[in-house]
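I have placed the structure first, in the form of structure tokens, so that the comments after it can refer back to it.
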Amino acid sequence: REFVEMTTEQTFIAVKPDGVQRGLIGPIISRFEARGFKLAAIKLVTPTKEHLEKHYEDLSSKPFFPGLIAYMGSGPVCAMVWEGRDVVKTGRAILGATNPLASAPGTIRGDYAIDVGRNVCHGSDAVDSAKKEIALWFKPEEIQSWKSAQFDWIY
Ligand code: RTP
């Protein structure tokens, strides 16, 4: 192998209810696949209030917290685990800045959103929070670790 093999990392990516309802699951998955990341888990789930309060516990004192919980629980979310080199940081770059008005064109939010309260997708902000979020959203047996039988450029 000519490239340096780095420790494989996982991140939690979610298509929020507005993204699911607008038909953006496909485009969002495509961007992660095309970049070279590997899908390790995926499911549609309408999260409960309790689940979302845990997911967003760091934001519980924010004025937008109740609205955020209502928005995120308003319909199915497409929850995913993506795997690959530096996927936490690169995943955030693919999503774009939290406020879509500040997101660069070419990012998911920069192409598909204009409102911070309807910003289409979520991605873990650090390796530690990724581990916590993956454990909150998925059972271990729902996560597949797989290798391409044919190609070794998917890493
Ligand atoms: P996310 O967790 O969804 O990837 O977003 P983030 O880390 O980039 O941003 P964070 O500050 O953790 O906020 C989480 C989500 O809360 C909503 N929000 N609304 N109305 C507002 O001012 C406001 N600020 C944040 C957004 O949906 C944001 O993604």
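The values are calculated or read from the model by the stated rules, or taken from the named source; none is laboratory data. Bear in mind the structure is a predicted one, so any value in this text is a computation, not a measurement. Cβ coordinates were reconstructed from backbone atoms using ideal geometry, including for glycine residues, and neighbour counts include every protein chain displayed. We work out accessible area using only protein heavy atoms, side chains counted, and drop any ligands, DNA or RNA first. Shrake-Rupley method; radii C 1.70, N 1.55, O 1.52, S 1.80 Å.
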Legend entry - Loop-located trypsin sites (Lys or Arg not before Pro) in the range 89-155, at most 10 other Cβ atoms within 10 Å (DSSP): Lys147
Legend entry - For the range 61-152, fraction of C-alpha pairs farther apart than 21 Å, in %: 44 percent
Legend entry - Relative contact order (percent, whole number), the chain, Cα cutoff 8 Å, 6+ residue spacing: 34 percent
Inset, instruction - Within the range 4-108, list the chymotrypsin sites (Phe, Trp or Tyr not before Pro) lying in a DSSP loop whose Cβ has at most 13 other Cβ atoms in a 10 Å radius. - result: Phe64
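So, with a 1.4 angstrom probe, what is the percent of accessible area on the range 46-139 that is carbon and sulfur?
56 percent
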Inset, instruction - Could you list the chymotrypsin sites (Phe, Trp or Tyr not before Pro) in the range 94-148 that lie in coil according to DSSP, counting only those with at most 10 other Cβ atoms within 10 Å of their Cβ? - result: Trp146
Legend entry - Å² per residue, accessible surface of the chain at 1.4 Å: 56 Å²
Inset, instruction - Would you mind getting the Kirkwood hydrodynamic radius of the range 56-101 from its Cα pairs, rounded to one decimal in Å? - result: 13.0 Å
Legend entry - Candidate lysines for bridging to Lys139, where Cα separation is under 21 Å - those fewer than 8 sequence places away on the same chain excluded: Lys16, Lys38, Lys43, Lys49, Lys54, Lys131, Lys147
Inset, instruction - Determine one quarter of the surface area of the Cα convex hull of the chain, which equals its mean projected area, and express it in nm² to one decimal. - result: 9.6 nm²
